[in-house]
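K.L.:
Quick one: the structure is below, questions incoming.
Computed from the coordinates by the stated procedures, all read-outs in this text should not be read as laboratory data. Everything quoted here is computed from the prediction, not taken from an experiment. Neighbour counts are summed over all protein chains in view; Cβ atoms, including those assigned to glycine, are modelled from backbone coordinates with ideal geometry.
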2 protein chains.
Amino acid sequence: AQIALERDYEAQREFDTRLRVLMAATPEGTVFVSASTGVVSDCNPAALALFGKQRAEVIGAPLHDLLDAGGEGDILGALTRAAGGASGSELPAKTRQGASVTIRTTLFRATGEQLLLCQIRNGDVLSVRSDKLD
Amino acid sequence: AQIALERDYEAQREFDTRLRVLMAATPEGTVFVSASTGVVSDCNPAALALFGKQRAEVIGAPLHDLLDAGGEGDILGALTRAAGGASGSELPAKTRQGASVTIRTTLFRATGEQLLLCQIRNGDVLSVRSDKLD
């Protein structure tokens, strides 16, 4: 059992490395947030650039310190509703610096906790949709 | 040691789940390839859509069955050279169905093996670069 566990452990280390490399290389802002508390558990350099913040300021911070859903009210509630909606539904929001962004969200469960994956692009929803028509 | 290993194992399972969710939600084609053999070890639904293939046809297949680097010669060599070049350098290629794509590559080491992460977009390099000016 110990040997099997170590073999699994090795395989899982590989997933960890792939996740880190993929996040670092992805130009879209990528943020993992607790769906229950709204606290950011991980994010990539592209997200830090959008927020204009350092990693240490973002990890552990509540998402509403970083993003504003405007008329949609609470950002965590708005994102959770968007994640439960039609596939590919996108939420317009603003960074706390006032830049317009578009957020695609995916709600999932990992080791007993609900998490939200937020994929964040510069610009409003319309300009993102017109990109897709190219 | 056993308890610590199990705790790590739980944490690593979380990375596995995050990697799968992120890949599934990412609209850019995402492929992990062995840098030594050119064999695809993982890819996402967006990559399958670009290749026009089923997952079982792609996992374990050599990358040159899926992509053609044209004048750049061997696709694996061209991607490895691109990964070693200037940060953010992109390689134009064609799918075996003849569609133009642009590939961003990242070379990294995981559990003793060199891997290439390929992030693949529809369209040629120029149109991708003009997007970035928005």
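K.L.:
Can you name the chain B residue with its Cβ nearest the rotation axis from B to A, and give the distance in Å as a whole number?
P.N.:
Result for the B and A rotation: B:Gln12, 2.
K.L.:
With charges only on Cβ, +1 for K and R and -1 for D and E, what is the dipole size of the protein assembly as shown about its Cα centre, in debye, rounded to 20? Walk me through the numbers on the way to the answer.
P.N.:
Values: 28 positive and 34 negative charges, 61 e Å.
In debye, rounded to 20, the protein assembly as shown gives about 300.
K.L.:
Name the residue farthest towards the positive end of the dipole of the protein assembly as shown from the options B:Gly52, B:Ser36, A:Thr111, assuming +1 on Cβ of Lys and Arg, -1 on Cβ of Asp and Glu, about the Cα centre.
P.N.:
Farthest along the dipole direction, towards plus: B:Gly52.
K.L.:
So the label point sits 7 Å from Cα along the Cα-to-Cβ vector; using that for B:Gly77, what distances do you get to the other copies, in nanometres, sorted shortest first?
P.N.:
Nearest first, the other copies' label points are 6.1 nm away.
K.L.:
Mean-square fluctuation check for chain A, GNM, Cα pairs under 10 Å: which of A:Pro27, A:Pro45, A:Pro92 is largest?
P.N.:
Looking only at A:Pro27, A:Pro45, A:Pro92, the biggest GNM fluctuation is shown by A:Pro27.
K.L.:
Please give the charge dipole size of region B:27-132, origin at the Cα centre, charges +1 on K and R Cβ atoms and -1 on D and E Cβ atoms. Round to the nearest 20 debye. Let's see the in-between values first.
P.N.:
Details: 10 positive and 11 negative charges, 33 e Å.
Dipole of region B:27-132, to the nearest 20 debye: 160 debye.
K.L.:
Can you give the helix-only mean residue ellipticity at 222 nm for the protein assembly as shown, where every DSSP H stretch with n ≥ 4 adds -39500 (n - 2.57) and the sum goes over all residues, rounded to the nearest 500 deg cm²/dmol?
P.N.:
On the way: 10 runs with 106 residues, N = 268.
Helix contribution divided over all residues of the protein assembly as shown: -12000 deg cm²/dmol.
K.L.:
Given contacts defined as C-alpha pairs under 8 Å and at least six residues apart, what's the relative contact order of chain B, whole-number percent?
P.N.:
Values: 220 pairs, mean separation 28.3, N = 134.
Relative contact order here is 21 percent.
K.L.:
Which of A:Ala25, A:Ala61, A:Ala78 moves the most in a Gaussian network model of chain A with Cα springs under 10 Å?
P.N.:
Greatest mean-square fluctuation among the candidates belongs to A:Ala25.
K.L.:
Determine which aspartates and glutamates satisfy two conditions relative to A:Lys94: a Cα distance under 13 Å, and not lying fewer than 8 residues away in the same chain.
P.N.:
Partners found: A:Asp65, A:Asp68, A:Glu72, A:Asp74, A:Asp124.
K.L.:
With just the Cα atoms of chain B, tell me how far they stretch along each of the three principal axes, in Å, largest first.
P.N.:
Projected onto the principal axes, the Cα atoms of chain B cover 54, 35, 32 Å.
K.L.:
For B:Leu107, which inter-copy label distances result when the label point lies 7 Å beyond Cα on the Cα-to-Cβ vector, reported in nm to one decimal and in ascending order?
P.N.:
4.4
K.L.:
Classify the protein assembly as shown from the C-alpha gyration tensor, please: rounded if a/c falls under 1.5, else prolate or oblate depending on whether a/b exceeds b/c. All intermediate terms of the calculation are to be shown ahead of the outcome.
P.N.:
Working: a/c = 1.90, a/b = 1.14, b/c = 1.66.
The shape class here is oblate.
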